[in-house]
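These notes concern the structure reproduced below.
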Amino acid sequence: MRREETVYLPESDRAPGCDHPRDTYDLIGHADAETQFLRAQNSGRLHHAWLITGPQGVGKATLAYRIIRHMLGGQSQLRGSLNIPVEDPVSQRISAQGHGNLFVLRRPYDEKLKRFKTEIPVAAVRDMNSFFENTPAEDKLPRIAIIDCMDDMNRNAENALLKTLEEPPKDALILLLANSPGRLLPTIRSRCMLMQLRPVPEADIMPWLRNQIDAAPNVIDGAVKLSRGGPGKALALVQNADEVLGPLTRFISSLERNDSSFDQTMAGRLSLKDQAASRQLFWDCLQDILQSQARYSVTGEWTGAFKPFPVSKPAEHWMRLWSKMGEWQRVEDAINMDKKTVLLTALSELRAA
């Protein structure tokens with residue numbers, strides 16, 4: 001008899017080219033946050049909902065899974081630590097997505113359309129609410145839900161979540177991850193304990209990243225500078241260097257000449273269905289570079305990635321372009337415009353600068 005292979009669907013809470021946070025054990029720069037959680041637990045008054053905020057890639061999900069392993073019975077080798085080793089049976093069950101007391105809420109993958117849904121649907125939140133209402137798989141352990149991330153929820157989904165936040169069942173823990181918590185309903189924020197993760201200093205990310213992956217020094221340097229203090233984002237950028245960092249470098253170098261053929265090739269590749277994550281990184285980096293360009297035009301000191309644009313303009317000019325890039329990206333996402341056309345329009349705007 002032929003043995004059937006397990007088919008794993010793409011996961012919206014996994015950075016391109018990186019391990020999923022449930023399989024990530026290193027956490028950089030957030031010892032204070034771990035201490036905050038452990039103190040709350042040791043006090044006997046652990047809040048039922050924690051809103052973990054911070055820039056994309058800063059370590060929110062990595063921290064959340066460290067909390068999850070700890071709360072589900074993982075044994076740390078260090079006293080007063082959330083550092084549960086990969087060999088721990090709890091770590092293994094979570095890695096295999098086989099722990100009955102854990103519910104993961106994220107944007108689902110549409111197998112028919114071969115893409116992620118644009119939002120976390122209200123039906124998925126109701127499934128989570130049912131998870132908390134049902135008998136736990138292991139009654140001596142808490143039931144835990146992780147929401148990665150709240151930015152993907154619409155208002156209907158947020159309202160459905162409020163019921164569980166307002167009337168939490170016994171031994172429930174909900175970890176809500178958010179890049180932009182200000183967009184959430186005030187009633188959700190008020191019912192959560194806030195855990196705010198700050199950007200990790202570049203000096204801490206640099207040696208960690210070098211140990212994680214073998215890459216050229218200029219690639220490592222560019223990724224760190226464009227990471228916004230997020231180790232996970234820096235790693236994703238290195239993993240996608242051929243699709244993001246390399247083309248960006250060549251594009252900036254080509255601004256002194258009209259090279260529309262290069263723009264066509266780059267936009268065409270980034271517009272492919274399997275390049276959605278790389279395209280997101282490209283948009284983010286483009287806007288970061290424009291912000292660095294604006295600072296450079298005022299201070300004369302370049303602290304960004306790569307090198308300044310070979311054009312001298314006032315800061316207002318670059319901030320206007322930064323705003324336009326953000327608007328083009330929002331248009332692309334909101335009304336599902338042709339990806340290549342939108343990106344080519346944005347690149348043309350920069351060449352016309």
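For the residues Asp259, Asp274, the requirement of being of a type in the set (D, E, K, R) and surrounded by 14 or more Cβ atoms within 10 Å (Cβ to Cβ) singles out Asp259. Candidates are the residues of segment 110-161 that are of a type in the set (Lys, Arg) and within 18 Å of the chain's Cα centre (by Cα); the one that is nearest to Gln275 (Cα to Cα) is Arg115. Pro310 meets all of the listed conditions (1) surrounded by 12 or more Cβ atoms within 10 Å (Cβ to Cβ); (2) closer than 26 Å to Gly268 by Cβ but one, namely (1).
Only a single item in (1) assigned by TED's automatic domain parsing to the domain that holds Met337; (2) small (Gly, Ala, Ser); (3) more than 30 Å from Lys114 (Cα to Cα); (4) assigned to a helix (DSSP H, G or I) is not met by Gly222, and it is number (1).
Within segment 150-172, the set of residues being part of a helix (DSSP H, G or I) and among the small types (Gly, Ala, Ser) comprises Ala157, Ala160. Taking the residues in segment 181-220 that are in contact with a strand residue (DSSP E or B) (Cβ under 8 Å, 6 or more places away or on another chain) and farther than 18 Å from Glu166 by Cα as candidates, determine which candidate is surrounded by the most Cβ atoms within 10 Å (Cβ to Cβ). Going through the qualifying residues, I end up with Met195.
Among the residues of segment 173-183, the one identified as part of a loop (DSSP other than H, G, I, E, B) and touching a Lys or Arg at 6+ places or on another chain (Cβ under 9 Å) is Asn179. One residue stands out in segment 85-107 among those that are in contact (Cβ under 8 Å) with a residue 24 or more places away in the chain and part of a loop (DSSP other than H, G, I, E, B): the one that is surrounded by the most Cβ atoms within 10 Å (Cβ to Cβ), namely Asn101. Working only within segment 157-179, note down all residues that are of a type in the set (S, T, N, Q) and farther than 24 Å from Gln56 by Cβ. Asn159, Thr164, listed by residue number.
Residues that are crowded, with 20+ Cβ neighbours inside 10 Å and either free of Cβ contacts under 8 Å to residues at least 60 places away in the same chain or in a strand (DSSP E or B) (or both) within segment 129-149 comprise Phe131, Phe132, Arg143, Ile144, Ala145, Ile146, Ile147, Asp148, listed in sequence order.
The values are calculated or read from the model by the stated rules, or taken from the named source; none is laboratory data. Computed from a predicted structure; not experimentally measured. Positions of Cβ are backbone-derived with ideal geometry, glycine not excepted, and every protein chain shown enters the neighbour counts.
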